[in-house]
Amino acid sequence: MNILQPDNPAFQPEWAFEDVRTTFFKCVRWQVEETLDPINCPYHYYCDSTYPGNYTDYVDFIVFLFTTASYLTTLVIMVIDISSRGKAHFSYSKRFWLPSGPVALPIILLALAKGYRINSLFPMCCVGPAILQLLQVSALAFDHGVDQDIRYAIYEASTISGILHASLYLDSIILPYYTGFDALVSSTFSGECQSCVCRSEKLVVGGRLVKYRGWSVSTFLVVSALCWRIICRTMGYNRRMMTVKLLLETSGWILIASDCIYLTKNAPSEQSILQIASFGCVLVLIFLHLIKKLAVQLAQRNLANEKITARESC
């Protein structure tokens, strides 16, 4: 249930005004001041920043179209990889069409860097985490290049840099949003100003209600897996290195899926349908990757059985 709805027991009348919610969700600097009522109002805060306003709806629509196209491209390439049809055609060129590729990645980074003001038709505070997860899935799902190829190392290094920058840009969007959400939900309005609130505990950056961050263990594991791929391609594969590679990639997939499920259940969004759809789409990609892995394992087992049968027949 959306806790910003009037049927919530903790609902306060001020929440019903759009400008009040915008002030809280877009505030980047909360100022604490001395209180005259240390019992009922031990901490008194007010927003000490001015929101410059949203970009036009056209910007949101363009970002929506581009993000949708990037997702559909990833989905189609995954399906092609599973079916094995057209695999040779896409093996070298598909990297350029992926969200983590050299074409789409700079555009996504630009959208996240300006995402603080993309907040009307396609609010980045709601779908930004799903976009970062799309980048992570795209980077983990496809391993390109040739052994000891310097172009592969450069490509992976640019992807790593892009994911790290995307994480920082995302935090600059969602941390003020989560901070304002905490200030709105866990406080009472003092009436001194539009954003003046009384709290029983200190207000922290990012709030205490939502634990998700762009710069997180999930991002660290994805980046570590990509770095380890470069090491494996440079130094050569062995059993120990392959085990570490598999462990890092599997842990990354598990945490990305956990983040999707957590945000679907707990994220403070007034765009619940859009947000659920965004994370649902990411979960579909994760499920397809699992199917691909199972198909590869089944194909390898069938090949091994065929070799055993051929030896026995000889």
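The values are calculated or read from the model by the stated rules, or taken from the named source; none is laboratory data. Being a predicted model, the structure only gives us computed values, none of them experimental. All Cβ positions, glycine included, derive from the backbone under ideal geometry; neighbour counts span all protein chains shown. All accessible areas refer to the heavy atoms of the entire protein, side chains included, with ligands and DNA or RNA removed. Shrake-Rupley method; radii C 1.70, N 1.55, O 1.52, S 1.80 Å.
Between Arg240 and Leu110, the distance separating the two model label sites (each 7 Å from Cα on the Cα→Cβ line) works out to 4.6 nm. Which shape class applies to segment 152-211: rounded if a/c is under 1.5, otherwise prolate when a/b exceeds b/c and oblate if not, where a ≥ b ≥ c are the square roots of the Cα gyration tensor eigenvalues? Taking the square roots of the gyration eigenvalues as a ≥ b ≥ c, segment 152-211 is prolate.
For segment 119-258, give the percent of accessible area contributed by carbon and sulfur heavy atoms, probe 1.4 Å, rounded to a whole number. Don't jump to the answer; show the numbers that get you there.
Details: 3730 of 5880 Å².
C and S atoms contribute 63 percent here.
Extending 7 Å from the Cα toward the beta-carbon at both Asn266 and Val79 defines two label points whose distance is 3.4 nm. Solvent exposure of segment 153-228 amounts to 40 Å² per residue of accessible area, where only protein heavy atoms count and the probe is 1.4 Å.
Asn302 to Leu36: FRET efficiency via 1/(1 + (r/R0)^6), r the Cβ-Cβ distance, R0 51 Å, to the nearest 0.05?
FRET efficiency, Asn302 to Leu36: 0.10.
Simple spin-label estimate for Ser120 and Ala277 gives 1.8 nm between the two label positions (7 Å along the Cα-to-Cβ direction from each Cα). Equivalent-ellipsoid semi-axes for segment 20-144 (Cα gyration tensor, √(5λ), whole Å, largest first): 43, 16, 11. FRET efficiency for the Asp48 to Thr250 pair, using the beta carbon distance and R₀ = 35 Å, is estimated at 0.20.
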